[in-house]
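No lab work stands behind these numbers, since they all come straight from the coordinates. Given the structure is predicted, the values throughout are model-derived calculations rather than measurements. Note: ideal-geometry Cβ built from the backbone for every residue, glycine included; neighbour counts use all protein chains shown.
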Amino acid sequence: MQPSSSTLASLARVLVIGAILVAGMHVAAPLANPVLAALVISVVASPAVRWLERRGFRRWMAVLALVGLIAGASLLLIAVLGISLLQIEQALPAYQELLQEQLALLGGTGPDLGGQIPGASGDASLLPSVEAVVAGLTELAIDVLVTITVTVFMLFEFAGLPQRLRTLPGIGGTDLAGRCTGFSRSLNGYVGIRTRGSVVTGSVIAVLLWLMGIDAPVLWAILIVLFSYIPYLGLPIISIAPTGLAWLQHGLPGAVAVAAGIAAVDYLSRTLLAPHPAEEELGLSPLVIILSVFFWFLVLGVPGLFLAVPLALFAKAVLGAVDDTRWLAALMEPAEQSP
C-alpha cells in the first residue's frame, strides 16, 4: 500500500519541526540542559509535592521544602565528588608507579608516563589539573543552582497544567493531557525502579571496594547510582574506572573480582528488587532507547545521556496526541505492545 499524501505531509512537518528544535537545542545546550533537567526533576518531584499537600502543607511550603531538600543533597553530592576527585589527583604519582609495575608484569616496562600525570614534568596530561577540577565543579554548582531555580517555578506551574492542556484548541488538548499524565507515570515508574536498584547496587559495591582496599569507594558508589539512569550503557561505562584501579592495586585477579562483583550485584538487585526490568515501564522499544541515548549525547553532550529517556518519552507523548503522527508514536513502542 502506498502511503497517503496526508501521511507524507505530516511526516515532513514532523521532520522539519524536529530538525529546527534539535538544532536550536544543540546551539543552546548550555542553557537547554539545566532547563530540561529542571523539567525532569519537576515531573519526578510532583507526586511528592502532592503528597505533602495532602498532609496539610500549602503548595508553596511543599515546593520549597522539597526543592530545599534536593538542593542540599545536590550540593552535598558535589562536595563529596570534589573531595574524592582531589584525593585521587593527589594519589596519581602512586598510580603511576603501580601502572609501571603492572605493565612490567605483563611483559614490558611500559611507556614513560611521567609527563602525562598532573604535577609531573611536561605539559601533557591524562587527567585534568586541580584547577580544572575546581573550575568544573564550580560550573556544575552553578548549573545545579539554575536547575533548582527553574524547578521551583515549574513545580508551581504544574498544578494547573493538565487543565490548561485540555483547553488547547486544534491539537487534541484532552488527549495531550492524558498523554502527558502517562508520560509522568511512566517516567516516575522508571525512576523509582532504577533508584531502588541503583542505591542498593552502589551501597553493596562500595562495601566490596572498601573491603578490597580500592581508593574512593564512596565516589564510585555515587557514580554508579548516577550512571544507572543511562539505560544499558551506564553501569558498564562507570565500571571501567574502579576495575582499572583494582588492576593497578591488586593486579588482574583484583580487576576480575571487581568486575565480577559489580556484575553479580547488579544482576541480583535487578532480579530481587524489581518486578520487571525498569525499561519496561517506559513503553519504548529497546532500539528506540539506545538510539535516543546516542542521539541526545550528540545533541546535548554528556547531559544528553541522562536526558535521553525523558526526552524520548515526551516525544512519544506529543506524537501520540496528534492524529497525523500517532503512527510514529506506535512505532516507538516495543513490538509486543504495538497495536
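Okay, here's what the table says:
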item: Inter-label distance, nm, simple model (7 Å from Cα along the C-beta direction), Glu280/Leu76; result: 3.4
item: Cβ-Cβ FRET estimate between Ala91 and Val199, R0 fixed at 41 Å, reported to 0.05; result: 0.90
item: Phi to ³J(HN,Hα) by Karplus 6.51 cos²θ - 1.76 cosθ + 1.60 over segment 318-333, Hz, x for Gly, Pro; result: 5, 5, x, 7, 10, 4, 5, 10, 5, 5, 5, 5, 5, 5, 7, 7
item: Whole-Hz couplings from phi, Karplus 6.51/-1.76/1.60, listed for segment 26-37; x for Gly and Pro; result: 5, 5, 9, 4, x, 8, 5, 4, x, 5, 5, 4
item: Separation in nanometres of the label points that stand 7 Å from Cα toward Cβ, at Val302 and Glu53; result: 3.6
item: Rounded to the nearest 20 debye, dipole of segment 168-339 from Cβ charges on Lys, Arg, Asp, Glu; result: 240
item: Loop-located trypsin sites (Lys or Arg not before Pro) in segment 45-110 whose Cβ has at most 14 other Cβ within 10 Å (DSSP); result: Arg55, Arg58
item: Positive minus negative residues near Arg50 (Lys, Arg vs Asp, Glu; Cβ under 15 Å); result: +3
item: Segment 168-339 - Rg over Rh from alpha carbon coordinates, Kirkwood radius; result: 1.08
item: Efficiency of FRET between Trp210 and Ile240 - r from beta-carbon atoms, R0 25 angstrom, step 0.05; result: 0.85
item: For Ser285, residues with placed amide H under 5 Å, excluding near neighbours; result: Glu333
